[in-house]
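Here's the structure we're looking at; comments come further down.
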Amino acid sequence: MHKPDTRTVSNRIAQQCARAMQADGHDPADFFRQTGITPAQLTEPGGRINAERHRRMTAYAQQLPQHRAILDLDVTHWFAHYSGIAHVCFNRPTLRSALHELLHLRGLIGEFDFMLMSENGTRIEIEYLSEFCSLGGAMQALANFRMLSLVARAYDDGAPTAFRAGFQGKAPWFAPAISECFGAAATFGQARNTLTFDAPALDRPFAQFNAMLAPHALRHAQGQLQQLQGAQLFSARVEQAIIDLLGRQGAGDADSASLLPALCDGLAMNRWTLQRQLQQEQTSFRALELRAKSRESRRLLRETSLSVVEIGERLGFSSQSAFTRFFKTQFELPPARYRHDMQSANTAV
């Protein structure tokens, strides 16, 4: 049995689309008929729109002409309805941390498009991927790149960062304004939607960082995201249960053979039922175990004085070298380096 897609997007996206369609002369009733979204869903405070309705809305919005107004909105407008993201991303110890949290917390806005970050020396590339935009989502990419550029420029110390934007599809009539907005020539007809920029000070301490407020803002935003995801997915509950078990299991009891029966006991279900429900969400116990250990390893390195050996043992690894290999595979640096970088970022101000 195929499990319905339980992901959602903020109804603020639908509100913006409905207003744009009406301004373009479309009958408001036609918006509701074509998308399946109801007036109550559109106006509910903090409401969410499900996958099927968002897909239909995205297809319907292809009728909209391209507008340049998206370039004129300032930080206040962009983050007016996503204050949790703003409180985190504009108060991180470094630009790297700000970008990382922005990409991580984007689920609070919507779960149907993604931005992937890669590094090559001091050069950063952000790629935008849209699940429901058959034409590549160039205008959706523009909106996301604009939001990211506002965050990145908040960490500038000197001349504004110049961003080189590349988009799929034809150039809109306001292409020169896009280039002006990002500070470098934008290109069109590209194979991917990308935003690249040089960030030699990616790890430079942010002078305005408020170390007292930052942890509270981050916990609040992460809690919002976990609540959103946990309310929708059984797998999210399982992942959190594994993390809880990792905190309670003794050294040597956190391997798969010990975690799985303990997990089933805690959830009051047998292994077959557990695996079947996870398969309906296209995942597995093993995948969630690895993800939970990835999250918990970073937390323990950031927030405790446990040695790398002790953390590896707590997470069920047979040796320090096995844990180090796992961590490097997940995060492309050894655990000791990760801890050092986090400590340096948090104490530099």
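The values are calculated or read from the model by the stated rules, or taken from the named source; none is laboratory data. Treat the numbers as computed from the prediction; the structure is a model and nothing was measured. A quick note on method: Cβ atoms are made from the backbone with ideal geometry, for glycine too, and the neighbour counts reach across all protein chains shown. These accessible areas exclude ligands, DNA and RNA; they are computed on the full protein's heavy atoms, side chains included. Shrake-Rupley method; radii C 1.70, N 1.55, O 1.52, S 1.80 Å.
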For the chain, the accessible surface attributable to carbon and sulfur atoms (probe 1.4 angstrom, ligands and nucleic acids excluded) amounts in percent to 52 percent
Per residue of segment 166-183, in order, report the coupling 6.51 cos²θ - 1.76 cosθ + 1.60 (Karplus, θ = phi - 60°) as ³J(HN,Hα) in whole Hz, putting x for Gly and Pro.
x, 10, 6, x, 7, 5, x, 5, 9, 4, x, 5, 5, 4, 5, 4, 8, x
Of the candidates SER256, LEU202, LEU301, the farthest towards the positive dipole end of segment 179-336 (Lys/Arg Cβ +1, Asp/Glu Cβ -1, centred on the Cα centre) is SER256
Label THR329 and ALA159 with points 7 Å out from Cα along Cα→Cβ: what is the distance between them in nm?
4.4 nm
Helix 138-153 versus the longest principal axis of the chain: what angle, 0 to 90°, nearest 10, using Cα atoms?
60 degrees
Starting at the first residue of segment 14-28, write each ³J(HN,Hα) from the Karplus equation 6.51 cos²θ - 1.76 cosθ + 1.60 with θ = phi - 60°, in whole Hz, x for Gly and Pro.
5, 4, 5, 5, 4, 5, 5, 5, 5, 4, 8, x, 7, 5, x
Report the charge-dipole magnitude of the chain in Debye, nearest 20, computed about the Cα centre from +1 at each Lys and Arg Cβ and -1 at each Asp and Glu Cβ.
320 debye
Cα convex hull volume per residue for the chain, in Å³, equals 152 Å³
For GLY110, residues with placed amide H under 5 Å, excluding near neighbours
SER10
q = 0.10, 0.15 Å⁻¹, segment 31-155: log10 I(q)/I(0) [Debye, one scatterer per Cα]:
-0.36, -0.80
Amide H proximity to THR187 below 5 Å, modelled H, separation 5+ or other chain, gives ALA165, GLY166, PHE167
Helix-only [θ]222 nm of the chain, DSSP H runs n ≥ 4, -39500 (n - 2.57) each, per residue, nearest 500:
-16500 deg cm²/dmol
For the chain, take the longest principal axis of its alpha carbons; what is the angle in degrees between that and the long axis of helix 214-232, to the nearest 10 within 0 to 90?
90 degrees
Nearest 10 degrees, 0 to 90: helix 51-60 Cα axis against the chain principal axis:
20 degrees
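When a/c is below 1.5 the answer is rounded, else prolate if a/b is larger than b/c, else oblate, so apply that to segment 100-240 with a ≥ b ≥ c taken from the square roots of the Cα gyration tensor eigenvalues.
Oblate is the answer for segment 100-240, as a/c is 1.5 or above yet b/c matches or exceeds a/b.
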Probe of 1.4 angstrom, ligands and nucleic acids ignored: what's the accessible area per residue over the chain, in square angstrom?
51 Å²
So what's the Cα pair-distance distribution over segment 59-102, bin width 10 Å, in %?
24, 34, 29, 13, 0
Along the charge dipole of the chain, pointing to its positive end and built from +1/-1 on Cβ of Lys, Arg, Asp and Glu, which listed residue (ILE242, ALA23, PRO335) has its Cα farthest out?
ILE242
Let me make sure I get this right: for segment 21-86, a, b and c are the square roots of the gyration tensor eigenvalues over alpha carbons, sorted descending. Under 1.5 in a/c it's rounded, otherwise prolate if a/b > b/c, else oblate. Which is it?
oblate
